[in-house]
Every structure is written in structure tokens, then in C-alpha cells.
Amino acid sequence: MRDIDVAPLPLSHLESHLDEVAIKRLHTSLTGAEALLEGRTVWTVTPSAAAGSGPAETVAPLVGYSLGAGLNVRWLTLDAPEEFTRIAARLHAGIHGDHGDGGKLGDKQRDIYEHVLASNAENIVEEVRPDDVVILHDPPTAGLAKALKAAKKNSDNPADWGTLRQLRETYKLAAGHQSSTPWILLACVLGCTALGVVLGLWLGWLVMWIVIGVLGGLTLGLYVMQRIVKKAAFARAVDQPGGGEMALSMLDKKKWHCTPAVAIDRQMNCVHRAVGPGGLLLIGDGRGAHNLLHAEAKRYKQVLYGVEVQTIMIGDKNGQVRLQELTKYITKLPRTLSTEQVEEIAYRLKGLDRMHSRVPMPKGPLPTSGNMKMSRRAMRG
């Protein structure tokens, strides 16, 4: 794979061709895209970056404007010999009903096609995170989808798991935190089933009520297991640097724009940011985050004139909010901003982030070992 460097293009170049309505729609769409991506990287893969190569002419400005808007976008091209290019051209022609040179693609051409894509896939699988977005352009790159799917299947990211694996891993976590979990689940199913039997004998339609009782028991069991897992997750995150990000991730993403670790010091104390109906919040995370939190609050008040900045400190002392109660505390804050005001402030904050470079921080609680090594992915941001 070859990484193509593209210079960011300022949105002002694009805005000069748009009217006021289109400009407002553009910024609203960018804010929505940033919220959906949540720090993910968008990878766009083309067969070549040469001028006149089809998708490259479209991809180049799109990547430039995306970078100018603050999105994390990378452009890759295939590292392939000339023979692969000829095979890909014949494949493309065949899809459109044209046999090209009149011959058919045989096993030899298939082997070359798969071998070249497999070698390129090794590079991209190492770079792409499981929750990233990958856009494959044209038939020459289509074969990469198989390798990416395989990487997703073996991923450690719960977002990539199927339903059965999610249930299995959830049960393991719940049982590991609370040994009585299997008995609690059994009690839920048997209790609801027994209730269904009683209602069926009393009201009639016994089979129907038994089925409803079993389904109700399974639903209740899943709810209880979810509560146990939530407690286990918070128990592991308490007193861990970056634990506040987990609580913020439970907020409604349609209402709240959350950005983890907008500031971080050498002791791994950090400040998270959230903007939503309850206002602009700065959350101090770490035992020594007080000074960092106050410094960030002062900076935001100076830059965002007219916007009230609220500070929250995670902890168990007076005036602080416990990590387990942070999500509930934020959702119960009185409404001070409308939806339009939230979007406007979120857009202004994007500009502030571009001016203020921040240290990238891996997702979730960080290990506290003195031998902690920062991964290549974390260093890239």
C-alpha cells in the first residue's frame, strides 16, 4: 500500500461557490459526520493516484476538503505490478460486458489478482482499526474486502462481534464479577415462567402464557445481566486514568457531543469535554486533575465568549461526582441550550481543536504499569 499525502484544503475555497443556505447545510453535515465518526479514520483506497485514473480525480479534492474540515482521512493506493493493472482493467471491462482483448480470465490471472491483493491487505489490516471506515474504489480494490472482513471477525472490538458472541462475552464478564449470575438468570426465567403458568391456568390459553413467561424471563435476565456488567465495568474503571470516557460514551450521541482527553498532563490526568442540552461541560478525570481542569475552563471562557462553561470533577469527595453516577448526573442537568445552540457551539469547538493540538489518548481506561508502551496507533491519534 502507498500512502498518498494530500494538503488540507480550506473550506473557504468551497464556500466561495455556495450560497448561505448551502454553507449552513455544509457545516451542519460536517458536525453530524464528526459525531458519527467519533474519532474514527476514514480510509479511501484507489487502484492508483495518477491523474486521469478515474476515482483519483474525485478522491483528491474530497480528501483535501475533509482534512481541511478536521476529519481524519487517509488515502491509500495499491502497490501492484503492471500485470495486475492489465488484469484489473480486463476485469473492469468484463463487468461492463466487454471482454477487452477477447480472452477470458483464467486461474493464472485469478492467482495473480488474489496474491497482489493479499500482500496489500497485510499492510492495511495492520493500520485499520476495527471501527474505522474503509471505502474501496473500483474492481481492482474489491478483493480487499475479504481480508478486512476476516480481520473484523477476529476483532477484539465488541462493536464488531455478532449477537451470539456479544451475549457469550457479556455473560463471562457478568459471571466473573458476580459468581451468582447463573442462579440469578435461572431465577428470572423460572420465576417468569411460573407466573405465566399461573396466569394461564387462571385466564386460559395456557401455552400462550407459558411462552410469554419464558420470553419475559429471558428479557428480564438480559436486563439484570446488563446491570451487572455495567457495575463490573465501572468497578474496573474507578481510579483509572481515562475512566470518565466510558461514562461519557453512555450519553445519547444524538444530544451530546463528547470529546475525550481534550487536555492531558504527564501524570495522565485529563479533561474530557461534552456539549449538549445541559451546556458546555469540562470533566476533570484523575486525582490531580484540578489544576488542569481550572486552566482549561479559563481558556474556554476566554475563547468562547458568551458561552457558560461548567466544570465537573470525578471523585468521591465533597463537590465531586462519582464515576458511577456521572452519566446520570449529566442527563439530569437543567436544559440551558437548544439543539441549534448545541450545534453552533460544537462547530466553534472544532475550530478551537484545530488551533490547539492535543496529545492523542487511547480509548478507555489506561494501564498504570510503569512499563506501559504506547502503540503506533495511539501515537498516530
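Brief remarks on what is shown
- Pick from the stretch 334-357, criterion part of a helix (DSSP H, G or I) and small (Gly, Ala, Ser), ranking: modelled with the highest pLDDT: ALA346
- Unmet requirement for VAL275, which otherwise passes all of (1) within 26 Å of ARG236 (Cβ to Cβ); (2) in contact with a helix residue (DSSP H, G or I) (Cβ under 7 Å, 6 or more places away or on another chain): (1)
- Hits in the stretch 170-199 - residues which are at pLDDT below 90 and small (Gly, Ala, Ser): ALA174, ALA175, GLY176, SER179, SER180
- Residue match in the stretch 45-52 (condition: closer than 28 Å to PRO260 by Cα, surrounded by 17 or more Cβ atoms within 10 Å (Cβ to Cβ) and among the aliphatic types (A, V, I, L, M)): no
- Pair list, Cβ under 6 Å, 6 or more apart: the stretch 315-332 residue within 15 Å of PRO277 (Cα to Cα), other residue modelled with pLDDT under 85: THR327/ALA247; THR327/MET250
- Close contacts from the stretch 279-304, counting a first residue that is hydroxyl-bearing (Ser, Thr, Tyr) and a second that is at pLDDT 85 or above and outside any helix (DSSP H, G or I), with Cβ to Cβ under 9 Å and a gap of 6+ residues or different chains, come to TYR300/ARG273; TYR300/LEU280; TYR300/LEU282; TYR300/VAL309.
- Each residue in the stretch 297-317 was checked for being touching a His at 6+ places or on another chain (Cβ under 8 Å) and either aromatic (Phe, Trp, Tyr) or not assigned by TED's automatic domain parsing to the domain that holds LEU282 (or both), and 0 of them qualify.
- Set side by side, the residues LEU18, LEU37, LEU26, LEU30 differ, and just one is buried (at least 18 other Cβ atoms within 10 Å of the Cβ) and within 19 Å of LYS350 (Cβ to Cβ), which is LEU30.
- Candidates in the stretch 272-310 are the residues that are among the charged types (D, E, K, R) and either under 26 Å from the mean Cα position of the chain (by Cα) or under 20 Å from MET250 (Cβ atoms) (or both); of these, the one that is surrounded by the most Cβ atoms within 10 Å (Cβ to Cβ) is ASP285.
- Search result, residues across the stretch 19-46 that are over 28 Å from ALA274 (Cα atoms) and either touching a helix residue (DSSP H, G or I) at 6+ places or on another chain (Cβ under 7 Å) or in a helix (DSSP H, G or I) (or both): GLU20, THR44, VAL45, THR46
- When the stretch 1-25 is filtered for residues that are touching an Asp or Glu at 6+ places or on another chain (Cβ under 7 Å) and closer than 30 Å to PRO47 by Cβ, the ones remaining, listed by number, are MET1, ARG2.
- Residue that is modelled with the highest pLDDT, among those in the stretch 118-129 that are of a type outside the set (D, E, K, R) and buried (at least 16 other Cβ atoms within 10 Å of the Cβ): ASN120
- Restricting the stretch 226-255 to residues that are surrounded by 20 or more Cβ atoms within 10 Å (Cβ to Cβ) and assigned to a loop (DSSP other than H, G, I, E, B) leaves a set whose member that is modelled with the highest pLDDT is GLY243.
The values are calculated or read from the model by the stated rules, or taken from the named source; none is laboratory data. Remember, predicted model here, so these are calculated numbers, not experimental data. So basically every Cβ, Gly included, is an ideal-geometry build from the backbone, and we count neighbours across all protein chains shown.
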